[in-house]
1. Checking the conditions here, which among Asp227, Asp192, Asp188 is open to solvent by 30 Å² or more (accessible area, probe 1.4 Å), closer than 20 Å to Tyr85 by Cβ and without any contact (Cβ under 8 Å) to a residue 60 or more places away in the chain?
2. Could you please find all residues in segment 385-400 being modelled with pLDDT under 95, under 25 Å from Gln369 (Cβ atoms) and either of a type in the set (S, T, N, Q) or outside any loop (DSSP other than H, G, I, E, B) (or both)?
3. Answer yes or no: is there a residue in segment 467-475 that is in contact (Cβ under 8 Å) with a residue 60 or more places away in the chain, open to solvent by less than 10 Å² (accessible area, probe 1.4 Å) and more than 19 Å from the chain's Cα centre (by Cα).
4. What single numbered condition from (1) out of contact with any Leu (no Cβ under 6 Å at 6 or more places or on another chain); (2) part of a loop (DSSP other than H, G, I, E, B) fails to hold for Ala617?
5. Inside segment 244-260, can you point out the residues that are hydrophobic (A, V, I, L, M, F, W, C), surrounded by fewer than 22 Cβ atoms within 10 Å (Cβ to Cβ) and under 21 Å from Ala81 (Cα atoms)?
6. Determine, yes or no, whether Arg215 is surrounded by fewer than 17 Cβ atoms within 10 Å (Cβ to Cβ) and either under 24 Å from Leu103 (Cα atoms) or charged (D, E, K, R) (or both).
7. Being out of contact with any Ser or Thr (no Cβ under 9 Å at 6 or more places or on another chain) and hydroxyl-bearing (Ser, Thr, Tyr) is the filter; apply it to segment 208-250 and report the residue that is farthest from Val176 (Cα to Cα).
8. Can Val536 be described as at negative phi, out of contact with any helix residue (DSSP H, G or I) (no Cβ under 6 Å at 6 or more places or on another chain), open to solvent by 20 Å² or more (accessible area, probe 1.4 Å) and of a type in the set (Val, Ile, Thr)?
Amino acid sequence: MTVSTLDSKYAFRREMVDRLVTDLYGPGASDELITERPLERYVTGVLWPAADDTYAEAPDEPESVAATSGEASVDSPVANARLTYPSSVGLTVSVDTALSSVLLVSPTAARYAPVPTVRESGSKRRDVYDWQRTPAELPEIAIDLSSAGPQRHLLEGGALELYALVRSPEEAIVTVTVVLRNTQAKPDPTSDKDVACWFQAGLTLHTEKPALVDRSKLRTSVPSDPDLASSELLYRNHMVFGAGHGCAVDVDASDVDGRRCRRVTTTFVPWQDVHRSMAGASNADLSLSFMGSAPRNDVVAQLNLLAQDYSSWIAVSSDSVTADGATQVPQHLRGVAAEHMKHAGIAHDRIKAGIQLLVDDEKAFEAFQLANQAMHMQRSRQDWVRKGAQGDFELGAQAWRPFQIAFILINLPSVTDDQHPERDIADLLWFPTGGGKTEAYLGLVAYLLLLRRLRNTNVRGVAVIMRYTLRLLTIQQFERAAMLICSLESVRLANEDRVGGAPFGIGLWVGGGATPNDIATARTNLGKLRNNQEVVEGNPKQIEACPWCGTRLTVDDYRIVKVPSDRMLVSCSNKACEFVDGLPVHIIDTDVYRERPELVIGTVDKFAGMSWRGEIATLFGRLSSADLGPDLIIQDELHLISGPLGSTV
């Protein structure tokens with residue numbers, strides 16, 4: 001991709017952000033005239049009238065500046081920024097008084113006044129109001145930093161108040177909180193609240209010289225929460241020049257000089273460029289073709305080289321803690337850094353244990369190689385299908401990223417040995433979207449499914465359960481995982497004497513709002529789809545394309561068959577496809593319970609039914625002695641497990 005192409009994409013993104021800010025915060029123009037109420041048009045940057053008893057105060061975050069400093073006490077103007085309908089907005093900054101004894105404040109705000117107008121609607125005329133914007137002409141105010149205590153300035157005839165709290169200096173550093181507050185009384189219920197509100201409210205704080213200091217370096221205590229302590233370490237070079245109250249803080253790079261800043265501004269639509277995360281490199285040959293076919297000694301040698309690269313990285317990182325430069329860690333955070341390096345060492349030891357398992361266990365190494373063959377097939381097929389499935393399929397050049405194969409190696413011992421103490425550990429695989437997390441755990445899934453078959457070709461039942469919080473994500477990942485199961489089938493057919501004659505399978509186990517719970521519902525809804533009727537709930541047609549060859553699937557590719565009991569068969573219409581007689585997928589609940597496919601992908605809400613739906617026990621190895629029960633549970637999209645998009649379980 002050329003630089004000019006990237007520049008045009010970035011320009012488009014900036015334009016989209018600017019339009020979003022205009023839509024949410026405003027204004028469209030300095031003297032704009034809008035046809036709807038401003039409280040209906042703009043959803044942020046509004047200062048509501050004060051003294052409204054119906055407005056509920058929002059609680060402080062436990063680690064927020066307001067909570068730790070007491071700035072958001074009930075009698076403080078800052079508290080008014082934390083209401084459901086805030087009447088104030090503020091900033092807290094710290095100033096080096098050796099460089100500036102005055103903090104300059106530039107407030108902004110605007111009013112909207114109703115303008116009578118007549119609007120025609122067809123043959124009717126009706127009297128309505130437009131709303132005219134008038135920006136307030138607010139002066140720049142100088143806050144004297146030599147005098148500790150509150151300072152108040154009334155603006156716009158007392159309709160606005162600028163409040164400043166100057167704290168006592170600590171080693172020439174003075175912390176100041178500046179708040180812009182709507183002091184108008186709450187209008188009576190028959191009046192428009194719009195006229196009593198201030199819109200596009202904001203503050204700009206600046207000094208003549210760069211005198212605003214990095215507030216994050218003023219604290220040398222370590223948070224008691226390990227996650228917060230880790231964040232303090234990881235973001236130690238990130239500078240914080242202000243804390244917002246009811247808003248965020250915007251700092252322009254041109255105003256930053258070293259560890260000091262000249263200007264900060266409030267913003268109600270904060271944004272941040274998130275730089276792309278890149279996977280670390282290794283000198284080892286991690287190609288899937290090599291891992292799937294090379295002699296054991298050669299494979300182990302390359303995996304040991306990977307472990308050595310990681311060990312070297314740990315050593316360099318440990319040395320950098322005290323070295324001069326950007327990587328140096330402040331004294332108060334070196335204990336946190338040491339704890340990080342300790343955990344890295346534990347991860348290295350677990351990687352080495354996984355490699356040793358491949359040396360000692362013949363079946364484990366055999367499963368590892370077959371899993372690499374399946375993953376090589378899956379990833380090559382995925383690329384081929386995404387490119388339109390043009391021409392004959394060929395295996396492409398595919399390789400593990402170091403973190404992917406390391407994650408697999410870390411988990412090999414506990415997945416292989418059902419008595420291993422690490423089975424109680426939940427390993428978190430973290431990497432940004434598109435980085436390869438799914439391939440990493442699918443590789444582990446492939447290893448486990450093949451290992452169980454290599455140990456006993458008669459073993460049956462669910463081996464892996466993948467849980468999701470959102471049905472949409474579940475169905476998306478089901479299509480990707482189905483390609484792996486098809487690849488495993490290809491590997492099994494090529495090694496039937498070792499892996500057995502029973503096909504691998506995958507099941508989709510989500511709520512009845514997405515898929516049918518029984519054959520009768522599936523038959524009825526398939527009939528509706530064939531008659532071009534809409535199926536809102538219980539749609540059995542969940543796969544849009546064959547995961548093996550990419551051929552589009554129609555409703556005619558979904559059939560209810562009797563073999564020997566009723567089940568739904570999904571087949572590919574491409575006569576050259578290896579799965580023309582049926583894909584190894586199970587979408588209906590009753591099919592999933594009966595077939596007990598090796599991989600089941602479901603949503604967390606289905607697990608809530610375990611206490612009153614006995615057939616769910618079949619998924620947990622409670623049907624026959626040949627069922628081992630699941631050996632691996634994967635919770636994908638963990639960040640959605642709680643909150644508005646998920647359910648805490």
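The values are calculated or read from the model by the stated rules, or taken from the named source; none is laboratory data. Keep in mind that this is a model prediction, so the values were computed, not measured. Heads up, the Cβs are rebuilt from the backbone with ideal geometry, glycines too, and the neighbour counts pull from every protein chain shown. Ligands, DNA and RNA are excluded from the accessible area calculation, which covers all protein heavy atoms including side chains. Shrake-Rupley method; radii C 1.70, N 1.55, O 1.52, S 1.80 Å.
1. It is Asp188.
2. Val385
3. The initial filter retains those residues of segment 467-475 that are in contact (Cβ under 8 Å) with a residue 60 or more places away in the chain, namely 467-471, 473-475.
Cutting the leftovers down to open to solvent by less than 10 Å² (accessible area, probe 1.4 Å) gives us 468, 474.
Among the residues that remain, those that are also more than 19 Å from the chain's Cα centre (by Cα) are: none.
The answer is no; no qualifying residue exists.
4. (2)
5. Step one: of segment 244-260, the residues hydrophobic (A, V, I, L, M, F, W, C) are 247-249, 251, 253, 256.
Those left that are additionally surrounded by fewer than 22 Cβ atoms within 10 Å (Cβ to Cβ): 248-249, 251, 253, 256.
If the condition is that a residue be hydrophobic (A, V, I, L, M, F, W, C), surrounded by fewer than 22 Cβ atoms within 10 Å (Cβ to Cβ) and under 21 Å from Ala81 (Cα atoms), then Ala248, Val249, Val251 are the ones that fit.
6. Judged against the criteria, Arg215 is not a match.
7. Ser230
8. Yes.
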